[in-house]
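Chemist: One structure coming up, written as structure tokens, with questions to follow.
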Protein chains: 2
Amino acid sequence: MEHPFDTACTLARQSDGRFSGHTSDAYWNMAGPFGGTTAAVLLRAALLDQAQGVEPVALTVNYCAALAKGPFAIEVRPARSGKSVRHVSIEMQQGSGIVATASVVLAVRRDTWAHQEARMPEVPPPDAVASMPTDGRLPWLQRYDFRFVRGAWRPLAQPFAAPQPAHSTLWMADVPPRPLDHLSLAALCDVFIVRVFLARGTMVPAGTVTMTVHFHAAADEIAAQGSAPVLGVADAQIFTRNFGDQVAQVWSSRGRLLATTTQMTWFKE
Amino acid sequence: MEHPFDTACTLARQSDGRFSGHTSDAYWNMAGPFGGTTAAVLLRAALLDQAQGVEPVALTVNYCAALAKGPFAIEVRPARSGKSVRHVSIEMQQGSGIVATASVVLAVRRDTWAHQEARMPEVPPPDAVASMPTDGRLPWLQRYDFRFVRGAWRPLAQPFAAPQPAHSTLWMADVPPRPLDHLSLAALCDVFIVRVFLARGTMVPAGTVTMTVHFHAAADEIAAQGSAPVLGVADAQIFTRNFGDQVAQVWSSRGRLLATTTQMTWFKE
């Protein structure tokens with residue numbers, strides 16, 4: 001049986017050159033699909049017409065409007081195809097409106113001098129950390145195994161008297177297990193709960209308006225992770241005048257930095 | 001006399017709806033204009049048709065090809081204009097090619113609950129730090145006052161035996177002085193020297209392929225900074241297979257986080 005993530009990323013070529021897809025109930029969030037699957041399906045569209053060996057380096061997704069349940073179309077426009085680097089611009093449409101835009105940087109990545117300056121935090125292995133129960137919760141939450149080392153969150157009735165740290169560290173994996181690839185890595189960059197909830201304590205109206213993912217591993221390196229949990233480390237720097245940020249890292253089990261990501265989230269309170 | 005930065009950001013409306021501009025010799029880099037001015041002029045194009053009070057929240061610029069000296073055209077396409085958030089897609093063209101693409105998130109930012117979790121590092125004031133001499137160096141370097149607290153860089157003949165920290169902390173300001181605004185703040189996000197140079201010691205072929213800027217201050221808060229130097233803090237997390245990242249913060253003199261930025265830089269060695 002096909003993994004629900006692959007179903008969510010399925011695209012068909014239309015006669016007008018666009019790709020068509022369908023929102024996934026399995027990854028439904030409160031008022032639209034989980035933004036991670038939107039990021040993944042946009043990235044998939046960017047990769048469909050690329051030659052073998054061309055891999056994603058960076059992805060920016062702008063969430064313009066909530067998607068309604070149903071079909072969507074994706075238009076991919078190559079912006080520039082250089083010798084070593086390619087740029088692609090993407091629009092996701094529903095009806096006559098644009099619901100998301102994205103830009104993707106692609107490249108054939110060759111061996112060079114390499115150095116990882118960042119280090120994975122020391123944490124207990126996934127087996128030593130309890131999974132967060134997701135039964136009966138939103139569908140997309142049930143599609144992930146969350147094992148919080150620090151910074152789990154449950155909504156409070158009243159906000160904290162003083163702002164609390166917005167930091168989370170957690171092991172995370174697809175449910176059911178699925179071998180990691182660039183698509184699921186992009187989606188994992190959006191699984192961190194909105195940081196303003198952690199800082200404030202309560203649930204406030206909020207939504208990601210833009211997310212950027214930088215990929216630091218090639219397909220062979222990502223495949224080496226298999227379906228084992230990856231470590232996510234997420235934090236925020238500032239919340240002010242309707243917007244807060246998020247900065248996060250995704251680490252392999254062996255301490256390799258696979259991706260880094262930032263986003264800006266709208267909130268109201 | 002007009003400030004050279006404002007000259008670099010000057011746009012005229014063409015009859016076909018696009019904007020036309022011209023590269024600036026005053027901000028010339030090695031093989032094209034300084035990427036910060038490209039970011040600024042793209043942001044300016046996004047702001048030109050917006051109502052009073054609509055301000056930038058996020059900007060992603062994809063550097064597709066080196067610009068040649070001369071004119072360029074900018075095409076702005078509104079992607080979505082919601083009640084509180086607007087999305088704009090932008091292309092910069094030279095001849096028949098796309099040289100840069102950008103996406104901008106805009107909003108009217110209202111007062112909300114606010115909290116700055118990040119703290120400015122303790123550093124000596126700008127007056128206590130020597131300016132880096134820029135006489136005779138690249139034009140764009142002469143357009144900034146760089147006062148390095150840590151992490152200044154001069155190319156070595158041979159690479160370091162072991163990778164060195166890619167961290168820099170510096171006071172920075174426009175030359176001649178110019179009151180800070182969103183445009184110059186966007187440009188300042190690109191003044192940090194390519195991180196791979198610091199880690200490796202030598203100059204290697206390198207260029208930014210994508211930069212994202214998150215704005216954490218509204219126009220009134222940015223205006224309060226005047227033309228005093230802002231503090232830049234830049235670092236990298238990983239260099240591998242032709243690409244390295246950069247993460248940076250820009251702080252006001254009073255310790256307010258004005259903007260955060262990330263980029264991916266191509267390098268070869």
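Since every read-out is calculated from the coordinates, none of them should be taken as a lab result. Just so it is clear, the structure is predicted and the values come from calculations on it, not from any experiment. We place every Cβ from the backbone using ideal geometry, glycine too, and count neighbours over all the protein chains shown.
Chemist: Mind checking segment B:97-184 for chymotrypsin sites (Phe, Trp or Tyr not before Pro) that DSSP puts in a loop (not H, G, I, E or B) and that have at most 13 other Cβ atoms within 10 Å? Don't jump to the answer; show the numbers that get you there.
Modeler: On the way: sites: B:113, B:140, B:144, B:146, B:148, B:153, B:160, B:171; in loops: B:113, B:153, B:160.
Answer in residue order: B:160.
Chemist: Please express the shape of segment A:114-269 as an equivalent ellipsoid: the semi-axes are the square roots of 5 times the eigenvalues of the C-alpha gyration tensor, given largest first in whole angstrom.
Modeler: Values: eigenvalues 134, 63, 42 Å².
Output for segment A:114-269: semi-axes of 26, 18, 14 Å.
Chemist: Same structure again: Just want the ordering: B:6, B:245, A:220, from fewest to most Cβ atoms lying within 10 Å of their own Cβ. Walk me through the numbers before you get to the answer.
Modeler: Working: B:6 14, B:245 25, A:220 9.
Going from sparsest to densest Cβ surroundings: A:220, B:6, B:245.
Chemist: Distances longer than 19 Å among the Cα atoms of segment A:177-268: what percent of all pairs is that?
Modeler: On the way: 1701 of 4186 pairs.
Looking at segment A:177-268, the distances longer than 19 Å represent 41 percent of pairs.
Chemist: Just counting partner chain Cβ atoms within 10 Å, what average do the residues of peptide B:97-107 show around their Cβ?
Modeler: Values: counts 2, 6, 2, 3, 8, 3, 10, 2, 8, 1, 6.
That average works out to 5.
Chemist: At a threshold of 8 angstrom on Cα-Cα distance, excluding pairs fewer than six apart, so keeping six or more, what relative contact order does chain A reach in percent?
Modeler: On the way: 582 pairs, mean separation 46.6, N = 269.
For chain A, the relative contact order is 17 percent.
Chemist: If each DSSP helix of 4+ residues adds -39,500 (n - 2.57) and the sum is divided by the residues in chain B, what number results at 222 nm, nearest 500 deg cm²/dmol?
Modeler: -4000 deg cm²/dmol
Chemist: Over the Cα atoms, compute the radius of gyration (one decimal) and Dmax (the largest Cα-Cα distance, rounded to a whole number) for the protein assembly as shown, in Å.
Modeler: 22.1, 69
Chemist: What is the spin-label model distance, in nm, from residue A:111 to residue B:66 if the labels are put 7 Å beyond Cα along the C-beta direction?
Modeler: 2.9
Chemist: Work out the mean other chain Cβ neighbour count within 10 Å for the residues of A:190-200 and drop it here as an integer. Intermediate results must be reported in sequence, preceding the final value.
Modeler: Details: counts 0, 0, 0, 0, 0, 1, 3, 0, 0, 3, 2.
Across A:190-200, the average partner-chain Cβ count within 10 Å equals 1.
Chemist: Let me ask another. Taking only C-alpha pairs under 8 Å that are 6+ residues apart, what is the relative contact order of segment A:29-154 in percent?
Modeler: Working: 166 pairs, mean separation 28.6, N = 126.
The value is 23 percent.
Chemist: Could you tell me the ratio Rg/Rh of chain B? Both radii from Cα atoms, Rh via Kirkwood. Don't skip to the end; give the middle numbers.
Modeler: Values: Rg = 18.1 Å, Rh = 19.1 Å.
Reported Rg/Rh, Kirkwood definition of Rh: 0.95.
Chemist: Still on this model: Ignore the peptide's own chain and count Cβ atoms of other chains within 10 Å of each Cβ in A:81-91; give me the average, rounded.
Modeler: Values: counts 1, 4, 0, 4, 11, 2, 9, 2, 9, 1, 3.
Partner Cβ neighbours, averaged per residue: 4.
Chemist: Is there a quick way to get the dipole size of segment B:120-222? I mean about its Cα centre, with the Cβ of Lys and Arg at +1 and of Asp and Glu at -1; what is the value in debye to the nearest 20? Walk me through the intermediate numbers first.
Modeler: Values: 8 positive and 9 negative charges, 117 e Å.
So the magnitude is around 560 debye.
Chemist: Ranked highest first by average number of other Cβ atoms within 10 Å, how do B:77-83, A:105-111 line up? All intermediate terms of the calculation are to be shown ahead of the outcome.
Modeler: Numbers: B:77-83: 14.1, A:105-111: 19.0.
Ranking, from highest mean packing down: A:105-111, B:77-83.
Chemist: As a footprinting exposure proxy, order B:1, A:30, B:264, B:203 by other Cβ within 10 Å, with the fewest listed first. Don't jump to the answer; show the numbers that get you there.
Modeler: On the way: B:1 5, A:30 9, B:264 24, B:203 14.
Starting with the residue having the fewest Cβ neighbours, the order is B:1, A:30, B:203, B:264.
Chemist: So what is the relative contact order for segment A:129-269, in percent, with contacts set as C-alpha pairs under 8 Å and at least six apart?
Modeler: On the way: 295 pairs, mean separation 35.0, N = 141.
Result for segment A:129-269 is 25 percent.
Chemist: Hey, can you grab everything whose amide H is under 5 Å from the amide H of residue B:79? Only 5+ residues off in sequence or another chain; H modelled, so Pro and N-termini drop out.
Modeler: Correct list: B:87, B:88, B:89.
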